[in-house]
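**Student:** The structure that follows is given in the form of structure tokens.
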Amino acid sequence: MKRNFLLLIILISINQPLVAQRYTLDTVVKDINHDKVVDTLINEFSSGSAFGGRTITIINGKTKEKFELSNYHGYSSLTRSIIIPENLTLKSNRFFLDVFKEKLLPPKKGRMEASLGWLLSAELNRKQLESDSLFKYIAKPKTNWEPRINIPEPYYIEVSGDTLKKLQPEERSISKNTQGFLVYYTYGYNIERLDTLVPVAENKDYKVYKTDHAVFVNKGNAYRWVFISDAGVTGAPDRHSWVSIETIKLVGKYLIIHQDVPPDTVYNIQIVNIETQKVAALDFSPAYNNWTEEGGMETFEIIDDQLIFTEYGKPEIVKLPLKKLFDSFEQLK
């Protein structure tokens, strides 16, 4: 079974933890802010199988003030928000801030493109469901149909105030005047050209395409991202090298998506309304193997207008009528 093979690979990796790890540390002493006193720049990089990033520390040679920023993040997340310390925004420290941008950040964009727009809108309009009988979360992104879409290179945009506070709700010190960066890591798409893709599903209204970690739809002469795997929004694998988007079924205006999230032994079934953009995950634990003698299903199936799959640890097959599924989905607020 595919899942058992994956578990074997994980167990082997546990016994060889240093193979995928990297660490470098460089220290440079020079006059960064042109005040004729040498400053210290410490550049630290570490990377493992699931986390990685760079931490830059600058020590002002004259005042001994220390500044530190890091882009260290889990690879299951395609974005990283970074708060700029207030003192670093002062005019007297602008040369230090320039160094942080050069060492930590990809190129800057003045505005976000469509895929980051979907991710940010979904994250800011996401709600965990505590008592729903079918679904465990709902997100309601709002983006426009576009005449074309592109796979972007990594970039960052500037964010501040309430937007930054929503992206980092645990950071109580954020004020409306606080500035920061939202960095977008686009390695999850793993393709170079969208025009090399062929539809994985289509009907009279839509053509559905997928990358390793995202789904977009063509309708007439317009395109729209409708699903992206990300730890903070929809769930995602620990490593971006593991493909998350598997089976996709198109039923009218709805998508039913099999989303792998290794190293978990179960997968997610995500429901998407292409027109309203609402997305929600079923509150079940679908699995390739239900650990019975009969084994399990490789993925979900649609038979006789029912969504059918096997659940982790349970021998019974789950059967959900599509009408009940979509009616319950539309009632989510």
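Read the figures in this text as sums done on the coordinates, not as results from a lab. The shown structure was predicted, so the numbers you read here are calculated from the model rather than taken from an experiment. Methodologically, a virtual Cβ is constructed for each residue, glycine included, from the backbone with ideal geometry; neighbour enumeration extends over all protein chains shown.
**Student:** Sorted by average packing, counted as other Cβ atoms within 10 angstrom per residue and highest first, what order do 306-314, 122-130, 98-106 take?
**Tutor:** Ranking, from highest mean packing down: 306-314, 98-106, 122-130.
**Student:** What is the spin-label model distance, in nm, from Thr63 to Val37 if the labels are put 7 Å beyond Cα along the C-beta direction?
**Tutor:** 1.0 nm
**Student:** Still on this structure, please answer the following. Over the Cα atoms of region 42-139, each weighted equally, I'd like the Debye log10 I(q)/I(0) at q = 0.12, 0.13, 0.20, 0.21 Å⁻¹, rounded to two decimals.
**Tutor:** Treating every Cα as an identical point scatterer, log10 I(q)/I(0) equals -0.58, -0.66, -1.10, -1.15.
**Student:** For Glu102 and Asn125 in the same chain, what is the full-extension length gain: residue separation times 0.36 nm, less their Cα-Cα distance, in nm?
**Tutor:** Gain on stretching Glu102 to Asn125: 5.1 nm.
**Student:** Karplus couplings for region 133-149 from phi (6.51 cos²θ - 1.76 cosθ + 1.60, θ = phi - 60°), rounded to Hz, Gly and Pro as x?
**Tutor:** Working through the residues one at a time gives 7, 10, 10, 9, 7, 9, 10, 10, x, 10, 9, 9, 5, 10, x, 7, 10 Hz.
**Student:** For the chain, what is the relative contact order in percent, using Cα pairs closer than 8 Å and at least 6 residues apart in sequence?
**Tutor:** Contact order relative to length: 12 percent.
**Student:** Also: What's the local net charge at Tyr137, with K and R +1, D and E -1, over the other residues with C-beta under 12 Å away?
**Tutor:** +1
**Student:** Taking the mean number of other Cβ atoms within 10 Å as a proxy for protection, how do you rank 50-59, 88-97, 145-154 from highest to lowest?
**Tutor:** Result, highest mean Cβ count within 10 Å first: 50-59, 88-97, 145-154.
**Student:** If Rh is defined by the Kirkwood formula over all Cα pairs and Rg also comes from Cα, what ratio Rg/Rh do you get for the chain?
**Tutor:** 1.03
**Student:** Suppose R0 equals 51 Å. What FRET efficiency, 1/(1 + (r/R0)^6) with r the Cβ-Cβ distance, do Lys136 and Arg94 give to the nearest 0.05?
**Tutor:** Between Lys136 and Arg94 the formula returns 0.65.
**Student:** Counting helices only, and only those DSSP H runs with n ≥ 4, report the 222 nm mean residue ellipticity of the chain as the sum of -39,500 (n - 2.57) divided by its residues, in deg cm²/dmol to the nearest 500. Don't skip to the answer; put the middle values down first.
**Tutor:** Values: 5 runs with 52 residues, N = 333.
When only DSSP H runs of four or more count, the value is -4500 deg cm²/dmol.
**Student:** May I pose another question? Round to the nearest 0.05 the FRET efficiency obtained for Arg22 and Asp304 when R0 = 41 Å and r is the Cβ-Cβ distance.
**Tutor:** 0.20
**Student:** Once you've got the Cα coordinates, tell me which of Lys204/Lys249; Lys127/Lys207; Lys36/Lys91; Lys127/Lys249 are over 22 Å apart.
**Tutor:** Numbers: Lys204/Lys249 14 Å; Lys127/Lys207 29 Å; Lys36/Lys91 17 Å; Lys127/Lys249 25 Å.
In this structure, Lys127/Lys207; Lys127/Lys249 lie more than 22 Å apart at Cα.
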